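Q: This structure is in structure tokens; I'll ask about it shortly.
The values are calculated or read from the model by the stated rules, or taken from the named source; none is laboratory data. Every value quoted in this text rests on a predicted model; they were computed, and no experiment measured them. A quick note on method: Cβ atoms are made from the backbone with ideal geometry, for glycine too, and the neighbour counts reach across all protein chains shown. The accessibility values were calculated without ligands, DNA or RNA, using every heavy atom of the protein model including side chains. Shrake-Rupley method; radii C 1.70, N 1.55, O 1.52, S 1.80 Å.
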Amino acid sequence: MDVLQAIHERKSIRQFRPDPVPRDLLQDILQAALRAPSAINTQPWECWVVGGEPLRRMSREMYTEAEKESPSRADFVLPERWKEPYLGRMRENGKRLFGILGIERQDKEKRQAFGLSMYRFFGAPQAIFLCMDSSLGDYSLFDCGCFAQNICLLALSRRLGTCIQHSAVNYPDIIRKHAPIPAAKKIIAAISIGYPDEDAAVNRFRSSREPVENVVHWQLG
């Protein structure tokens with residue numbers, strides 16, 4: 001699979017088969033992903049791969065916490081309010097996603113159930129918790145994003161699916177109970193990884209992208 005094909009075919013997978021990914025395969029992907037660029041070659045990324053019973057226990061505790069509607073305690077926070085055009089893009093994405101799932105706008109129960117499914121990592125057998133040291137700044141966060149993209153594209157090339165999740169790191173204290181992530185390492189996101197469930201309707205969903213003229217500005221002289 002060439003790079004252009006991988007970029008076009010990558011999408012968020014929201015239902016996985018339970019089969020665990022072999023450790024050697026995950027290691028190959030992560031080894032190759034380390035070629036991501038970083039400011040002054042600082043290579044700020046670190047990650048913890050969690051699966052099996054530790055992931056199941058973590059998932060159960062986070063699901064219970066989210067079900068109680070406990071506020072997020074994430075190391076990195078999303079804005080409380082979004083302005084346009086970002087708000088419109090989010091709404092359009094949600095409308096199309098719930099449309100594929102057959103969930104009506106007024107069906108709060110099903111919408112809540114889908115939201116809670118994020119804390120089960122969409123059934124993924126493993127999750128990669130992406131972290132960086134708390135002493136680092138914004139450019140290191142950008143670098144970690146490059147590392148995460150590499151993971152997703154490499155996973156696709158090996159017939160795996162991924163979903164980068166902020167929701168899955170809303171309760172870092174629970175994560176640290178089940179994975180030895182030091183307090184000095186800030187948890188950026190979880191990347192759910194596994195074999196996609198090809199029969200799941202939700203995996204037919206592809207988010208849209210803005211036309212290039214809306215986001216690329218030229219000043220060539």
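Q: Of all residues in region 84-108, which are among the polar types (S, T, N, Q) and closer than 17 Å to ASN203 by Cβ?
A: ASN93 - this is the single residue of region 84-108 that is among the polar types (S, T, N, Q) and closer than 17 Å to ASN203 by Cβ.
Q: In region 184-219, how many are of a type in the set (Gly, Ala, Ser), touching a Pro at 6+ places or on another chain (Cβ under 9 Å) and open to solvent by 50 Å² or more (accessible area, probe 1.4 Å)?
A: Of the residues in region 184-219, 0 are of a type in the set (Gly, Ala, Ser), touching a Pro at 6+ places or on another chain (Cβ under 9 Å) and open to solvent by 50 Å² or more (accessible area, probe 1.4 Å).
Q: Turning to a different aspect of this structure: Give the residues of region 74-89 that are touching a residue at least 40 places away in the same chain (Cβ under 8 Å), exposed (fewer than 15 other Cβ atoms within 10 Å of the Cβ) and among the aliphatic types (A, V, I, L, M), sorted by residue number.
A: LEU78
Q: When you go through (1) under 15 Å from GLY145 (Cα atoms); (2) over 16 Å from the mean Cα position of the chain (by Cα); (3) not hydrophobic (A, V, I, L, M, F, W, C) one by one for GLN31, which number turns out not to apply?
A: (1)
Q: Scan region 36-66 for residues that are among the charged types (D, E, K, R) and within 20 Å of the chain's Cα centre (by Cα) and jot them down. Spell out how you get there, then give the answer.
A: Residues of region 36-66 that are among the charged types (D, E, K, R), as a first pass: 46, 53, 56-57, 60-61, 65.
Passing the criteria: GLU46, ARG56, ARG57, ARG60, GLU61, GLU65.
Q: Another one. Among the helices (runs of 4 or more DSSP H) contained in region 106-221, which hold 2 or more residues that are modelled with pLDDT of 95 or more?
A: Fully inside region 106-221 and qualifying: 138-157, 172-178, 212-215.
Q: Being under 24 Å from ASN170 (Cα atoms), of a type outside the set (Val, Ile, Thr) and out of contact with any helix residue (DSSP H, G or I) (no Cβ under 6 Å at 6 or more places or on another chain) is the requirement here; does GLU53 meet it?
A: yes
Q: Also: Between residues in region 129-146 that are surrounded by fewer than 13 Cβ atoms within 10 Å (Cβ to Cβ) and residues that are in a loop (DSSP other than H, G, I, E, B), which pairs lie under 6 Å by C-beta distance while being six or more apart or on different chains?
A: SER134/ALA184
Q: Additional query: Being closer than 23 Å to ARG209 by Cβ, open to solvent by 60 Å² or more (accessible area, probe 1.4 Å) and acidic (Asp, Glu) is true for just one of GLU92, GLU104. Which residue is that?
A: Residue meeting the stated conditions: GLU92.
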